[in-house]
1. Can you list, largest first and rounded to whole Å, the semi-axes you get for segment 6-86 by taking the square root of 5 times each eigenvalue of its Cα gyration tensor?
2. If you place +1 on the Cβ of every Lys and Arg and -1 on the Cβ of every Asp and Glu, how big does the dipole about the Cα centre of segment 6-86 come out, in debye to the nearest 20?
3. Can you give the helix-only mean residue ellipticity at 222 nm for the chain, where every DSSP H stretch with n ≥ 4 adds -39500 (n - 2.57) and the sum goes over all residues, rounded to the nearest 500 deg cm²/dmol?
4. Could you sort the peptides 279-285, 6-12, 252-258, 53-59 by per-residue average Cβ neighbour count (10 Å cutoff), highest mean leading?
5. Pairs of alpha-carbon atoms within less than 8 angstrom and 6+ residues apart define the contacts here; what relative contact order does the chain have, in percent?
6. Students often check this: by mean Cβ neighbours within 10 Å, which of 68-79, 137-148, 158-169, 233-244 ranks highest, and how do the rest follow?
7. List Leu102, Leu262 from most exposed to least, where exposure is judged by having the fewest other Cβ atoms within 10 Å.
8. Once R0 is set to 22 Å, what does the formula 1/(1 + (r/R0)^6) return for the Cβ-Cβ distance between Asp315 and Arg249, expressed as a FRET efficiency to the nearest 0.05?
Amino acid sequence: LMDLKVFVDTDSDIRLARRLSRDISERGRDIVGVLKQYNKFVKPAFEQFIEPSIQHADIVVPRGGENEVAMNLIVQHVHRELENRGFVFRAHLADAHIGQPLPDSLYVVDNTTQVKGLHTFIRNKNTGRDEFIFYSKRIMRILIEYALSLLPFKNVTVKTPQGTTYEGKRFSGKRICGVAILRAGETMEQALCEVCKDIRVGKILIQTNSETGEPELHYLRLPKDISEDHVILMDATVATGAAAIMAIRVLLDHNVAEENILLCSLLMAELGVHSVAYAFPKVKIVTTAVDKEVDVNFHILPGIGNFGDRYFGTD
């Protein structure tokens, strides 16, 4: 299953010294107990299960992290593999989930007459920019309100001005944070700020490389202590899901729990839904509509067109 298998070979005396240091200083154990466990369980298990795997290794690294020559060779190999695979990433996504049922992590706003009417305006190529912005903002508000209903809530009792009680609901997490995938995702910030008082907002800039057609991370600004937040990740449209996957990976790298991420988009292609759900099954995917196809240029069909160009007037 592995493209590169590395065995890190460390001297047995160093391994024992590290275990003694850790178990005594960090776990409060005595030296006699540590040595007994090491000789009875740890060392025999290493000799039976770990050491034999060296014969399958492509690279054996003596002295571990101190071996800078070996580290540099491995890093160069990984970079080379990433560069080679980057050219075909979206093409692989396009073929991965054809014909599969939509995942349970997908939540679609009810296709009411109002929602369908708003889609009619924003999908129409003849809709002027002012109208496009107006109706986009209306449907963004509906989307964000729906997404907030998927957050965890607890039961609370409050006193009314008439002296009676009311059984209500209140958000049970610590904080809600919005993160926009620039530039189109930034258009959704206003809707979020209108319904969540004093909400913190971060930004991630991911752009498509004009030569390779692959997403690249260019800019990142996230609120402090975002790891404790429920994050609403916003992008106007999701076609292949490549940019969304990269943005989710950034959030996970900042210790945001996968189950605390809601990906919100006005329109998604089935391909993008499947790709995100397959990569991150605990992420909630929230949208107002799902279109079935993407064209050879990975544009959603029937789609909206380039949302950012239409909204900002740069088409």
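No value in this document is a laboratory result; all are computed from the given coordinates. This structure is a prediction, so every number in the text was calculated from the model and none was measured. Every residue, glycine as well, gets a Cβ built from its backbone with ideal geometry; the counts of neighbours run over all protein chains shown.
1. Values: eigenvalues 208, 47, 24 Å².
Square roots of five times the eigenvalues give 32, 15, 11 Å.
2. Values: 12 positive and 13 negative charges, 87 e Å.
Result for segment 6-86 is approximately 420 debye, rounded to the nearest 20.
3. Working: 10 runs with 114 residues, N = 315.
Result for the chain, helices only: -11000 deg cm²/dmol.
4. Working: 279-285: 18.9, 6-12: 12.9, 252-258: 14.4, 53-59: 11.1.
Result, highest mean Cβ count within 10 Å first: 279-285, 252-258, 6-12, 53-59.
5. Details: 458 pairs, mean separation 52.2, N = 315.
RCO, the chain: 17 percent.
6. Values: 68-79: 12.1, 137-148: 19.4, 158-169: 8.5, 233-244: 26.4.
Taking the mean over residues of other Cβ atoms within 10 Å, the ranking is 233-244, 137-148, 68-79, 158-169.
7. Working: Leu102 14, Leu262 22.
In increasing order of surrounding Cβ atoms, one gets Leu102, Leu262.
8. Working: r = 30 Å, r/R0 = 1.36.
My answer for the efficiency is 0.15.
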